[in-house]
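Structure first, commentary second.
The values are calculated or read from the model by the stated rules, or taken from the named source; none is laboratory data. Bear in mind that the values here come from a model prediction, so they are computed numbers and not experimental data. Positions of Cβ are backbone-derived with ideal geometry, glycine not excepted, and every protein chain shown enters the neighbour counts. Just the protein is used for accessible areas: all its heavy atoms, side chains included, with ligands, DNA and RNA removed. Shrake-Rupley method; radii C 1.70, N 1.55, O 1.52, S 1.80 Å.
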Amino acid sequence: MIENEKLTMELTGDSMEVKPIMTRKLRRRPNDPVPIPDKRRKPLNYLLTDEQIMEDLRTLNKVMSPSSPEHVPSAPMENPSQRYEARIEEGKLYYDKRWYHKSQAIYLESKDNTKISCVISSVGTNEIWVRKTSDSTKMRIYLGQLQRGAFVIRRRSAA
């Protein structure tokens, strides 16, 4: 403390008057979060032991691994009425061991064996939209319809 006062006196050149060192308060930017005072933070009370936490993590990793059957919600083994495996991940359709994406040319076969030439126009969370190439009308196909076999998708060359 005394050294700071000596340094301040040397810098000001006035040995009779001691000026305190000022700290600048800067304005907060509009997008910065408001600082939380320490008194608002509550201490965490850990109720689980490290061993219990590690056991829970191992269980979660086992359940969430892609190889486990619980991770694939639309596996054909879960529901005997499902003929085909169909699921949507990251905007792509996985159907009958193949990946399909937006703007891909396909054949859509219905139960009455009609074969329609289509292009996938969008892939939603639970359905796909296809545009018929013959008249440009759009159809919505739900995942459940693909899983039950109400509609069957086949690849078609783009040319």
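Details
- When residues in region 46-58 are screened for being assigned to a loop (DSSP other than H, G, I, E, B), modelled with pLDDT of 65 or more and open to solvent by 100 Å² or more (accessible area, probe 1.4 Å), 1 of them pass.
- Among the residues of region 67-95, just one is in contact with a strand residue (DSSP E or B) (Cβ under 8 Å, 6 or more places away or on another chain), exposed (fewer than 15 other Cβ atoms within 10 Å of the Cβ) and at pLDDT 55 or above, namely Gly91.
- For the condition open to solvent by 100 Å² or more (accessible area, probe 1.4 Å), farther than 30 Å from Ser136 by Cβ and modelled with pLDDT of 80 or more, Arg27 does not qualify.
- Scanning region 12-19 for residues that are at pLDDT below 75, in a helix (DSSP H, G or I) and surrounded by 10 or more Cβ atoms within 10 Å (Cβ to Cβ) turns up at least one hit.
- Identification of strands (runs of 3 or more DSSP E) wholly contained in region 91-134 with 2 or more residues that are under 24 Å from the mean Cα position of the chain (by Cα) and closer than 17 Å to Gln147 by Cα yields 92-95, 98-100, 127-132.
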